[in-house]
Amino acid sequence: MKIQEKENIKTALAEYCERMGSQNKAANSLKGVSSATISQLLNGNWDLITDEMWRNIATQIEYDNRKWVVVETRGYKRMVQLLTDAQENSLVFAVTGDAGCGKSEAIKTFARSHQNVYNLSCSEYWNRKHFMTELLQNMGVDYTGCTVSEMMSEILYNLKRKENPLLVLDEADKLSDQVLYFFISLYNHLEDHCGIVMCATDYLEKRIKKGVRCNRKGYKEIYSRCGRKFIPMQQVNAEDIAAVCIANGISDAVRIDKIVDESECDLRRVKRLVHAAKSSSLQ
């Protein structure tokens, strides 16, 4: 790995440690990274740090040298507005949007630039303990040897100590019922103190409303705590896609129109098409 790349990662890691509050908390939040390693890296003692460790740290702190420019589309701005409102006023929102509408990118960018924002990208295989493990790690809290009840106590204790904490559950539609029930417990203990935002596709809305109609355990409580409302994100339009193309080096109108036509209003697809267009222009 080149020296300049290491310098860039070092700078990004220093910012990450500042955001986490300390090097120890940063180390607790990173898998396979010790506090001593972080200290050596930040102090320029790189002789014993392997390229694999550099890449491990870069990935986990979401450092990316490919310089993709994130554009503030209408959906991006709306997502940031909701996140800001939830954090500053300890509100609970459920936000839905199509895959590729830009909500996850907005969340990641917001979390990188704000203190006490804990962003979890949920997975279907999570059970209750795994959910809490991910959250505690995200918070930089050492949970070694803790039982499930002790982990829950640590979560509540640490969130209550923070100023304007915000918990974001991205792709929340992947969570099992048992983990979704934790949302009720978190709300009950943290109401008016911690903002909570659940983000997903419209499947989450359909799932919750169906659960309410069928009187499934916990679903009425979840629906009530979301304010009985799911906030829809705007669909990506041609103007959004054109702005992304221009910001990332595609200015030819014909190429932009082609990307708009082929993207199916999916910003992930736009990213691939932009890469393909730039690659072909170099040939």
The stretch 42-69 residues that are closer than 27 Å to Asp240 by Cα and in contact (Cβ under 8 Å) with a residue 40 or more places away in the chain, paired with ones that are open to solvent by 40 Å² or more (accessible area, probe 1.4 Å) and among the aromatic types (Phe, Trp, Tyr) (beta carbon under 8 Å, 6 or more apart):
none
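Residues in the stretch 135-152: is at least one among the polar types (S, T, N, Q) and touching a helix residue (DSSP H, G or I) at 6+ places or on another chain (Cβ under 7 Å)?
Filtering the stretch 135-152 down to residues among the polar types (S, T, N, Q) leaves 137-138, 144, 147, 149.
This time we only want the ones that are touching a helix residue (DSSP H, G or I) at 6+ places or on another chain (Cβ under 7 Å), so: 137-138.
Yes: one or more hits.
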Just to verify a result, which residue in the stretch 248-272, among those that are aliphatic (A, V, I, L, M) and over 19 Å from Ser104 (Cα atoms), is surrounded by the fewest Cβ atoms within 10 Å (Cβ to Cβ)?
Val254
Among (1) within 30 Å of Phe230 (Cα to Cα); (2) open to solvent by 20 Å² or more (accessible area, probe 1.4 Å); (3) assigned to a helix (DSSP H, G or I), Asn28 falls short only on (1)
Cβ-Cβ distance below 8 Å, separation of 6 or more or different chains: which pairs start in the stretch 256-282 with a residue that is closer than 23 Å to Gly97 by Cα and end on one that is open to solvent by less than 40 Å² (accessible area, probe 1.4 Å) and of a type in the set (Ser, Thr, Tyr)?
Leu267/Thr73; Arg269/Ser263; Val270/Ser263; Leu273/Ser263
For the stretch 97-212, give me every one of the strands (runs of 3 or more DSSP E) that falls completely inside it and has 1 or more residues that are aromatic (Phe, Trp, Tyr).
117-121
Report yes if some residue within the stretch 219-239 is closer than 30 Å to Asn164 by Cβ, touching a Gly at 6+ places or on another chain (Cβ under 9 Å) and among the aromatic types (Phe, Trp, Tyr); otherwise report no.
yes
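Give me the residue from the stretch 134-153 that is small (Gly, Ala, Ser) and without any contact (Cβ under 8 Å) to a residue 60 or more places away in the chain and, out of that set, surrounded by the most Cβ atoms within 10 Å (Cβ to Cβ). Walk me through how you get there before you give the answer.
At the first step, the residues of the stretch 134-153 found to be small (Gly, Ala, Ser) are 140, 145, 149, 153.
Applying the additional criterion that residues be without any contact (Cβ under 8 Å) to a residue 60 or more places away in the chain yields 145, 149, 153.
Details: Gly145: 6, Ser149: 8, Ser153: 13.
Filtering the stretch 134-153 for residues that are small (Gly, Ala, Ser) and without any contact (Cβ under 8 Å) to a residue 60 or more places away in the chain, the one surrounded by the most Cβ atoms within 10 Å (Cβ to Cβ) comes out as Ser153.
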Cβ-Cβ distance below 6 Å, separation of 6 or more or different chains: which pairs start in the stretch 75-98 with a residue that is closer than 18 Å to Leu204 by Cα and end on one that is open to solvent by 40 Å² or more (accessible area, probe 1.4 Å) and of a type outside the set (S, T, N, Q)?
Val92/Arg225; Thr96/Asp202; Thr96/Glu205; Thr96/Pro232
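Condition check ((1) farther than 13 Å from Gln137 by Cα; (2) part of a loop (DSSP other than H, G, I, E, B); (3) open to solvent by 40 Å² or more (accessible area, probe 1.4 Å)) across all residues:
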| site | (1), (2), (3) |
| --- | --- |
| Arg19 | yes, no, yes |
| Val33 | no, yes, no |
| Gln40 | yes, no, yes |
| Asn45 | yes, yes, yes |
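Take the residues in the stretch 154-172 that are open to solvent by 30 Å² or more (accessible area, probe 1.4 Å) and without any contact (Cβ under 8 Å) to a residue 60 or more places away in the chain, then tell me which one is nearest to Gly32 (Cα to Cα).
Glu154
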Selection status of Val70, open to solvent by less than 60 Å² (accessible area, probe 1.4 Å) and part of a loop (DSSP other than H, G, I, E, B):
yes
Run Glu72 past the list (1) acidic (Asp, Glu); (2) closer than 26 Å to Lys271 by Cβ; (3) touching a residue at least 24 places away in the same chain (Cβ under 8 Å) and report the number of the one that doesn't hold.
(3)
Would you confirm, using the coordinates I've provided, whether Phe110 is open to solvent by less than 40 Å² (accessible area, probe 1.4 Å) and more than 22 Å from Ile222 (Cα to Cα)?
yes
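The values are calculated or read from the model by the stated rules, or taken from the named source; none is laboratory data. Predicted model, so just to flag it, every value in this text is computed and none were measured. Every residue, glycine as well, gets a Cβ built from its backbone with ideal geometry; the counts of neighbours run over all protein chains shown. Note: areas computed on protein heavy atoms with side chains; ligands, DNA, RNA excluded. Shrake-Rupley method; radii C 1.70, N 1.55, O 1.52, S 1.80 Å.
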